[in-house]
Amino acid sequence: MRAMSFEVRKPGLLSTLQDEGRYGYRKHGVIVSGPMDRFAHRGANLLVGNGLEAATLEMTLQGPMLVAQKDMLVAICGADMGAEVDGVAAPLWQPFILHSGNELHLRYAIHGCRAYLAVHGGFKADYVLGSHSTYQRAAIGGYEGRALRTGDVLKVEKEALDFEVVNEVELRSKFVSSMVRPDYRDNPTIRIVRGKEASLFTPNSWSRLLAQSFLVTSQSDRMGYRLSSDPKLELEAGLSYEMISEAVIEGTIQVPSSGQPILLMADCQTTGGYPRIGHVITADLPLVAQVKPGGQLRFQEVTHSEAQEQLLLQAMDLKLLGAGMMAWLRGLG
């Protein structure tokens, strides 16, 4: 029988298990899912010595209250939810030890929108079509295909560390530097490249896309952010917003007939029938994921080369973090 890790006393607003995502099935209409903020998800996993494929707990806006049922090495990355262990502030972007019986309480997000909890060994989760990720609309993956509920019990996928050899003071020197973390803001400027149908919009519309602020409305979720601005974005005269469906991905900015953009996110559909005015660069998707409804986005155009360079730099930072943590963990053995 696998060891338990947490009892869920309070589930939070929306807490789901996510891994890297469900790839290879988009041609069958199966979405990718996965974490909204991949940098925070990956950073949390690396801080506890996991591979990037391990499942973490994604917590949205308001976190859960969890009781540890064994000693564990954990890390929380992403939004600051004022995490506490038995009433004492817990670190963010840094690994720490939870002892059996400790109560981990995450509250409403002070800064950001989503936090990620990783445990050494990874969370045990339902494995469907090559992924542990929760997709609620299809009720697959994660914890019975749904968000956590009071009374649920989370388990660790693999055996944990020998905590008698872990130096808790030394853990304080292991962290993700603020120099490499995404610059989370309530109203960030997000870099984009032009979409396939960008030329169908009026020149003024493209200019407004780069000059205006767009409100993230309350209708936003893991499938997409519905944005609002005035005036709306318009196609050239005589063109229709309805088109034959083509592929869309996380980061695609579609514009329906309302003229108000929809920025597709982790649970987005595989195809869409609205013109694609732009795409958010992959390196900036974590910034979008941390904006609450009511926040605002601005867009800045960059080249494909710049987009690739930013993604490579981000990947290098994570690779160095992972190498350092794995070397330390091997030293414990």
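Just so it is clear, none of the values below were taken in a lab; they were calculated from the coordinates. All figures in this text were calculated on a predicted structure; none of them were measured in a lab. No Cβ is skipped: glycine too gets one built from the backbone with ideal geometry, and neighbour counts run over all protein chains shown.
Of everything in the stretch 22-42, what is surrounded by fewer than 22 Cβ atoms within 10 Å (Cβ to Cβ) and either out of contact with any Leu (no Cβ under 7 Å at 6 or more places or on another chain) or under 25 Å from L66 (Cα atoms) (or both)? Give them in sequence order.
Listed by number, the residues that qualify are Y23, G24, R26, K27, H28, G29, I31, V32.
Sort through L17, L13 and tell me the only one that's in contact with a Leu (Cβ under 9 Å, 6 or more places away or on another chain) and without any contact (Cβ under 8 Å) to a residue 60 or more places away in the chain.
That would be L13, the only listed residue that is in contact with a Leu (Cβ under 9 Å, 6 or more places away or on another chain) and without any contact (Cβ under 8 Å) to a residue 60 or more places away in the chain.
Applying the selection to the stretch 84-125, what residues are surrounded by fewer than 17 Cβ atoms within 10 Å (Cβ to Cβ) and on the phi < 0 side of the Ramachandran plot?
Listed by number, the residues that qualify are E84, V88, A89, P91, Q94, H99, S100, E103, R107, Y108, I110, H111.
Scan the stretch 69-83 for residues that are surrounded by fewer than 22 Cβ atoms within 10 Å (Cβ to Cβ) and touching a residue at least 40 places away in the same chain (Cβ under 8 Å) and report the count.
Result for the stretch 69-83: 3.
Hey, which of the strands (runs of 3 or more DSSP E) in the stretch 185-269, taking only ones fully inside, have at least 3 residues that are among the β-branched types (V, I, T) and in contact (Cβ under 8 Å) with a residue 24 or more places away in the chain? Break it down stepwise before answering.
Details: elements: 189-194, 214-216, 224-228, 252-254, 262-264.
Strands (runs of 3 or more DSSP E) meeting the threshold: 189-194.
May I ask you to say which residue of P293, P286 is buried (at least 22 other Cβ atoms within 10 Å of the Cβ) and not β-branched (V, I, T)?
On the way: P293 fails: buried (at least 22 other Cβ atoms within 10 Å of the Cβ).
Unique residue meeting the criteria: P286.
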